[in-house]
Structures are given as structure tokens and as C-alpha cells.
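Coordinate-derived values only; no laboratory data. Being a predicted model, the structure only gives us computed values, none of them experimental. Positions of Cβ are generated from backbone atoms using ideal geometry, with glycine treated the same way; all protein chains shown enter the neighbour counts.
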Amino acid sequence: MTYSSTAILALFIHCIINNDVIRNRHYRNTTPAGRTYRLLMLSVAAFYIFDAFWGVLYDAHMITAVFADTVLYFASMAATVFLWTRYVVNYLSERSWLNKALHYTGWFFLASIAVVLILNFFVPVMFWFDEGGVYHAADLRYAILIIQIIMFMSSACYVLFISRDMNQSVKRRHRAIGLFGFAMAILVVVQVTYPLLPLYSIGWLLGTCILHTFVLEDMKDDRRLELEEMILMEEKHKKELGSARQLAYRDSLTGVKSYNAYVEAEQQVNESIARGELQEFGIVVFDVNGLKHMNDTHGHEAGDRLLQDACRLICAKFKHSPVFRIGGDEFVALLKGEDYQNRMSLLADFEAQAEANQCNGSAVVASGLATFRPGYDNSYRQIFERADTRMYDRKRLLKAKE
């Protein structure tokens with residue numbers, strides 16, 4: 001029972017440490033090395049299970065059952081060694097003859113164990129049980145263990161050889177993998193001498209703990225740093241996009257919202273109308289009088305100053321509303337809330353100011369107001385066209401007063 005206790009304890013520790021990997025939760029297994037590592041951890045867990053049952057069945061002298069479990073024990077052992085070589089090959093991802101040799105050696109070892117286990121049903125070339133139920137190891141069993149020692153030692157040396165030119169972080173992971181190989185090789189040597197001791201399970205427990213601590217956790221830290229860098233880059237891009245959006249949505253001459261922002265606002269109003277959410281809403285359309293004449297007689301700089309003066313006049317009167325420049329001399333204010341409630345008095349003040357400016361030579365701006373009519377208007381364009389018509393009526397009136 002002591003033999004099985006070691007395997008059971010190893011299984012519990014293995015499942016606790018490698019919980020994320022075994023359950024495939026929060027584990028990055030998108031690479032060949034990542035997928036192979038998970039298969040290796042599953043294979044090691046299966047090996048612990050068969051090893052635990054072996055001690056229980058052997059103590060109970062259930063020969064047939066322990067024979068079957070021994071076959072599964074050696075099969076899972078072969079699978080773990082094979083997956084270990086696959087993991088080293090995939091982790092290093094080297095295009096070298098050493099990597100190829102390790103790759104084919106793993107496949108050869110797995111196939112050889114399969115053949116030997118099948119042959120052992122007919123000829124005890126690997127193990128057998130005598131009439132008293134005592135386990136005996138055959139010569140091939142020792143030969144297979146020696147092959148494993150060579151495989152673990154060679155893979156460890158190979159990994160350490162590759163790591164000589166790596167940076168410190170990668171070299172630390174390579175050394176951990178090499179240490180795993182050396183530890184397994186040493187414990188397999190002792191296992192050859194004491195076949196009934198659970199040294200193989202202890203070796204895998206130590207080895208997987210080394211891998212988890214110095215390889216998997218180290219890679220997680222690298223991934224975390226990589227994600228943090230990606231987040232910083234994303235935030236930087238958002239700021240850059242935000243700056244670009246501000247430039248695109250702000251009129252450079254007057255500082256009010258641009259035509260791009262106006263198109264987006266029009267779309268939002270249409271969506272609100274379609275959903276039946278819009279109730280109180282008004283549009284004031286503005287047109288600056290005399291811009292062409294100013295450009296022709298005094299130059300475009302004077303025309304720009306006229307536009308800026310006109311824009312300040314609009315923003316001063318409709319200070320709670322977004323103002324858009326939608327053309328060369330055209331502006332629009334979208335009225336909601338306080339400005340909508342006071343729209344008539346605001347418009348009257350604005351028109352009075354325009355007439356006063358007409359007398360003193362300041363900026364003259366024609367304006368036209370229209371409000372949303374629920375049940376009648378089904379688009380922004382309908383409201384705008386009424387406001388635009390009234391603006392042109394006002395423009396003609398101002399010109400008639402000149």
C-alpha cells in the first residue's frame with residue numbers, strides 16, 4: 001500500500017499544480033509545444049493512476065488484474081517518454097539533425113514498447129508473475145529503462161547546448177527542461193536497481209513541478225508582459241484615434257463641430273425618430289451674408305475673419321446647443337433642452353442682433369428655425385428643409401433692408 005500511496009499523492013499534487021493545463025482553462029495551448037505539454041500532463045496523470053492501482057492489486061494478489069495494469073503501466077510510461085521528446089522538439093522548434101533524431105527516437109521508442117508489450121502476452125520478455133504472484137522483471141525491461149536513461153540524458157544535454165546563446169529568460173527555461181531530463185535519468189537509474197520502489201512516479205512529480213515553476217509560470221509572466229505591452233499600445237492607438245477623431249470632427253477655422261460630426265449627429269437623430277424616442281428637438285440653419293463679396297474685395301483672410309465673427313455670434317446666442325459648420329458660409333445649431341425651451345426668444349434676439357450688425361457693418365447672419373413634429377416628421381431632412389426655407393426667406397428680407 002505504501003507504493004500506491006506515493007502514486008496517489010503524486011496524482012493529487014500533479015492535478016492541483018497543473019489544474020489549468022489539465023482542464024484547459026486560462027491556458028495558452030495554441031502552439032505545438034503548448035498542445036504537447038497538455039497531452040504530456042494528461043499522460044503523466046494516467047501513469048500515476050495505473051501506478052497507484054498496481055500497488056493495490058499487487059498487494060491483493062490479483063494476478064490477472066495486476067498483469068493487465070502492468071501492461072497499461074508500461075504503455076503510459078512509453079507515452080510519457082514519447083510526449084516528453086515531442087515537447088522538447090516542439091518547444092525548441094529547431095531545424096537541426098539533433099532535433100530530427102530526437103523526434104524519430106521518440107516514435108521508435110513508442111513503437112518498440114507497443115511491440116514488446118504485445119509479445120509479452122506470449123513470451124515473458126519484459127515481465128512476468130510466478131505462481132506465488134511475485135513480480136519479476138525480464139531483461140527487456142532493463143533494456144527499455146536504459147534506453148529511457150539515454151533519451152532523458154541526451155535531450156537534457158541537447159536543450160542545454162541550444163541554450164548557450166539565448167537571453168537570460170529563455171536560458172532559465174532551457175535549464176529547467178535540462179534539469180528535468182537529468183533528474184529523470186538519475187531516478188530511472190535507481191529504479192533499475194530497486195524495481196519495486198515508486199521512483200518513476202517521484203521523478204515525474206519532481207520533473208513536472210520544475211516545468212511548472214520555471215517554464216510554464218515563466219512563460220505566463222512573459223505572456224502577461226506581452227499583454228500589458230499590447231494594452232499600452234492599444235491605449236496609445238485609442239488616444240491617437242481620439243486625436244484624429246477630434247481633428248476630423250472639429251472645424252479648423254471656427255472651432256465648432258465639422259461636417260463629419262454633423263453627418264453623425266443627423267444619423268443619431270434619424271435613429272431616435274425611428275425608435276420613437278425624440279420629442280423636443282429644433283434646428284436653426286444659418287447663412288453668413290456677404291462672404292463672397294468680402295473674399296472678392298478684401299481677400300480670403302478677411303472672409304475667414306467674417307466667418308469667425310459670425311460663428312462667435314451664433315455660439316454666444318445658442319450657447320447650450322452644438323453648432324456645426326456644414327459648408328463654406330453655412331452653420332447649423334441643434335436645439336435641445338434649455339435652448340429648445342427658449343428658442344423663440346433666442347431667435348428673436350439673434351435676428352435683432354443681425355439687423356443691428358447690418359447697420360454698423362458687423363457680421364450679418366440669416367437664420368431659420370424649424371421644430372420636430374411628432375407623427376408628421378419621419379426624418380431629420382424634413383425638419384432641416386423647413387428651417388432652410390425659412391433661413392432663405394430671412395436672407396431675402398435682410399438683403400431687402402440693405
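Quick rundown of the values:
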| read-out | value |
| --- | --- |
| Relative contact order computed over the chain (Cα-Cα under 8 Å; 6+ residues apart), in percent | 11 percent |
| Neighbourhood charge, 15 Å Cβ-Cβ cut-off, centred on GLY133 and excluding it, Lys, Arg +1 and Asp, Glu -1 | -4 |
| GNM result for the chain, Cα springs below 10 Å: residue of HIS136, HIS293, HIS174 fluctuating most strongly | HIS293 |
| In degrees, nearest ten, helix 199-211 long axis to first principal axis of the chain (Cα) | 20 degrees |
| Mean projection area, nm², convex hull over Cα of the stretch 259-401 | 8.4 nm² |
| Euclidean distance of C-alpha centroids, the stretch 163-183 and the stretch 372-396, integer Å | 75 Å |
| nm² value of the averaged projected area, convex hull over the Cα atoms of the stretch 325-402 | 5.8 nm² |
| Alpha-carbon spread of the stretch 2-232, three principal axes, descending order, Å | 70, 36, 26 |
| Degrees, to the nearest 10: 380-401 long Cα axis against longest axis of the chain | 30 degrees |
| Distance (nanometres) between label positions extended 7 Å along Cα→Cβ at ILE146 and HIS320 | 9.6 nm |
| Label-point separation in nm, GLU338 to TYR259, each point 7 Å along Cα→Cβ | 3.2 nm |
| Centroid-to-centroid separation of the stretch 286-350 and the stretch 23-94 [C-alpha atoms, Å] | 78 Å |
| Exceeding the 20 Å Cα-Cα cut-off - candidates LYS292/LYS395; LYS257/LYS319; LYS292/LYS319; LYS292/LYS399 | LYS292/LYS319 |
| The stretch 50-125, relative contact order in percent, only Cα pairs under 8 angstrom and at least six apart counted | 29 percent |
| Options PHE350, ILE283, GLY328, ranked by Cα towards positive dipole end of the stretch 283-402, top entry (Cβ charges) | ILE283 |
| Lys, Arg +1 and Asp, Glu -1 on Cβ, resulting dipole of the stretch 2-232 about Cα centre, debye, nearest 20 | 700 debye |
| Mean ellipticity per residue at 222 nm, deg cm²/dmol - from DSSP H runs of n ≥ 4 across the chain, formula -39500 (n - 2.57) | -24500 deg cm²/dmol |
| In order through the stretch 82-88: 3J(HN,Hα) via Karplus (6.51 cos²θ - 1.76 cosθ + 1.60), integer Hz, x for Gly, Pro | 4, 5, 4, 5, 5, 5, 4 |
| Linear extension gain, ILE186 paired with GLN382, 0.36 nm per residue minus alpha-carbon span | 61.9 nm |
| Net length gained if the chain between ARG35 and THR213 were fully extended (0.36 nm per residue, minus Cα distance) | 62.3 nm |
| Highest to lowest packing among 11-22, 94-105, scored as the average C-beta count within 10 Å | 11-22, 94-105 |
| Distant-in-sequence amide H partners of LEU335 (H built 1.01 Å from N, under 5 Å) | GLY282, ILE283, VAL284 |
| Cα centre as origin, Lys/Arg/Asp/Glu Cβ charges: the chain dipole, Debye | 400 debye |
| Options TYR262, GLN168, PHE108, ranked by Cα towards positive dipole end of the chain, top entry (Cβ charges) | GLN168 |
| Dipole magnitude of the stretch 322-402 about its Cα centre (Cβ charges: Lys, Arg +1; Asp, Glu -1), debye to nearest 20 | 200 debye |
| Inter-probe distance in nm under a simple model that places probes 7 Å from Cα toward Cβ, at ALA352 and VAL115 | 10.8 nm |
| Vicinal HN-Hα couplings computed from phi for the stretch 359-367 (Karplus, 6.51 cos²θ - 1.76 cosθ + 1.60; Hz; Gly/Pro x) | 7, 9, x, 8, 4, 10, 10, 7, 9 |
| Degrees, to the nearest 10: 259-275 long Cα axis against longest axis of the chain | 80 degrees |
| All-pairs alpha carbon distance profile, the chain, 20 Å steps from 0, percent | 21, 27, 10, 19, 17, 4, 0 |
